[in-house]
Amino acid sequence: MAGLNHVTRGGDPLTFPLSPTVTLTKVSVGPMDNNAYVLEGAGGVVLVDAADDATTLVGVLGDRSLDTVVTTHRHRDHWQALGVLDRTGARLVAGTPDADAIATEAGVHHPDGVWDGDTVPLGSEHLDVIGLVGHTPGSVVLAYRGTEGPTHLFTGDSLFPGGPGKTGSPEDFTSLMDDLEAKVFAVFDDDTVVHPGHGDDTTLGAERPHLAEWRERGW
């Protein structure tokens, strides 16, 4: 059974309002079923993860002017469509600890590095940046707090329905869990919607009861 805000590779994008002023379009691209997210606010457009299939992403954008691309982390499946930068002239943003790797591996200009406390403009509003260490050294979550309705978190591969993202060592797992608990679950309410880098969406309320279970299993 399909979960919350389900999309499929090759299928139609899903568009819905996040608030009275911001609209989200979610589309699945690439062989790893990556989610790419286009947020349109009053006077601004942000793409979260130009993951793959630049032609599809440009088609989703249509005649809208793209201001910023945020790459949530350094892994290849999240930046293979950064050719949209050449087509649109958009600014590239990434977590500061991952920025060098993205520039080198993707062959693009150096992203503007962001971390805790920074913001990404979305027209007259903005997205708050939260840095999480564990899935990669410089993964970022973007938080949209609208004037109405729940907060929305774009978590890349750091948080999914059912647990945190993959980590390469027990130390990385502990770091990611510590950051998730301190910077996400301790800060945002249960109705906060999680938009991950792959698959269906969830809410913090659905995931919160399982934090101890995730700690115990170690992944």
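The set of residues from the stretch 62-81 being surrounded by fewer than 22 Cβ atoms within 10 Å (Cβ to Cβ) and either closer than 13 Å to VAL29 by Cβ or of a type in the set (Lys, Arg) (or both) comprises ARG64, ARG76, ASP77, GLN80. When each of ASP116, ASP49 is tested for being surrounded by fewer than 16 Cβ atoms within 10 Å (Cβ to Cβ) and among the acidic types (Asp, Glu), the lone residue that passes is ASP116. Checked against the criterion of being crowded, with 17+ Cβ neighbours inside 10 Å, within 24 Å of GLY138 (Cβ to Cβ) and among the polar types (S, T, N, Q), the candidates THR192, THR203 yield just one match: THR192. Within the stretch 1-58, if we keep just the residues that are of a type in the set (Asp, Glu) and over 21 Å from LEU159 (Cα atoms), the residue that is farthest from the chain's Cα centre (by Cα) turns out to be ASP12. Filter the stretch 133-180 down to residues that are modelled with pLDDT of 95 or more and among the β-branched types (Val, Ile, Thr) and give me whichever is nearest to ALA212 (Cα to Cα). Here the residue is THR174.
For the stretch 84-102, name all the residues that are surrounded by fewer than 18 Cβ atoms within 10 Å (Cβ to Cβ), modelled with pLDDT of 95 or more and more than 22 Å from LYS166 (Cα to Cα). Matches in the stretch 84-102: ARG91 only.
Quickly run through the stretch 47-71 and pick out the residues that are under 27 Å from THR167 (Cβ atoms) and touching a Ser or Thr at 6+ places or on another chain (Cβ under 6 Å).
The one that is under 27 Å from THR167 (Cβ atoms) and touching a Ser or Thr at 6+ places or on another chain (Cβ under 6 Å): ASP49.
The residue of the stretch 161-173 that is nearest to the chain's Cα centre (by Cα), among those that are touching a residue at least 24 places away in the same chain (Cβ under 8 Å) and farther than 15 Å from SER139 by Cα, is PRO161.
Taken over the stretch 175-219, the residue count meeting the criterion of being under 24 Å from VAL27 (Cα atoms) and either among the acidic types (Asp, Glu) or in a loop (DSSP other than H, G, I, E, B) (or both) is 7. Of the residues making up the stretch 114-147, those that are under 21 Å from ASP77 (Cβ atoms), over 14 Å from the mean Cα position of the chain (by Cα) and not aliphatic (A, V, I, L, M) are GLY134, PRO137.
Checking THR25 against (1) part of a strand (DSSP E or B); (2) at pLDDT below 95, only one condition comes out false. Which one? So the condition that THR25 fails would be (2).
The values are calculated or read from the model by the stated rules, or taken from the named source; none is laboratory data. All values reported here derive from a predicted model rather than from experimental measurement. Don't worry about glycine lacking a Cβ; one is built from the backbone with ideal geometry, like all the others, and counts go over all protein chains shown.
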